[in-house]
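Read the structure below first, then the notes.
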Amino acid sequence: MNTIAPTREDAFKLLKKYNKKQGLIRHALCVESVMAHFSNRFNEDEEKWRVIGLVHDLDYEMYPDQHCHKCVDLFKEHHWPEDYIRAVISHGFGICTDVKPETNLEKTLYAVDELTGLVASSALVRPSKSILDIKAKSVKKKFKDKSFAAKIDRGVIKTGAQFLDMELADLITQVILGMQPVAHQIGLKGNL
């Protein structure tokens, strides 16, 4: 069976089919926006990067013990291209898969997934509760505090920055910029 590149609309429908929790939908929208931001930095296919960002945790809500594995079946059932599937699987490198990120897209997804959570958590403890006025310095301070958002794997974020050959502060800045366009949708517009 031939595969056709899925559209953003296809991806969002698939995401909603397997994910009902608002927090997971917001995370997906967040990662999608950051991936779009980075696609433009790398001069790559924004639609493809958006789609992959949107569905990267497709199997997480329904199949958390099979994360990055069950999605293979789900994507194949919907005739998704192999490179899309590989990109999604690679974001679990060293955590739940051994598929190492190789392309700019894969490295970016790996680098920003955990970091978007840290940035969002950092924004929520600010007086403004907003992504629109946060700076990398504030997030970096929270990054160093291991008790803050303790479930977020700082090692993955560091490795992701290395994969992209970026300083941590620059990566954080770019993630913030990537999240800002969807501040309202992800609940981080705050009281500004």
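Couple of notes before you dig in:
- Condition check for Cys68 on (1) in contact with a helix residue (DSSP H, G or I) (Cβ under 7 Å, 6 or more places away or on another chain); (2) at pLDDT 95 or above: one failure, at (2).
- Residue count for the stretch 1-39, restricted to those that are basic (Lys, Arg), touching a residue at least 12 places away in the same chain (Cβ under 8 Å) and out of contact with any Asp or Glu (no Cβ under 8 Å at 6 or more places or on another chain): 1
- Residue tally, condition among the basic types (Lys, Arg) and either buried (at least 21 other Cβ atoms within 10 Å of the Cβ) or farther than 15 Å from Gln185 by Cα (or both), over the stretch 17-35: 2
- Some residue of the stretch 140-163 being in contact with a helix residue (DSSP H, G or I) (Cβ under 7 Å, 6 or more places away or on another chain), free of Cβ contacts under 8 Å to residues at least 60 places away in the same chain and β-branched (Val, Ile, Thr): yes
The values are calculated or read from the model by the stated rules, or taken from the named source; none is laboratory data. Keep in mind that this is a model prediction, so the values were computed, not measured. A quick note on method: Cβ atoms are made from the backbone with ideal geometry, for glycine too, and the neighbour counts reach across all protein chains shown.
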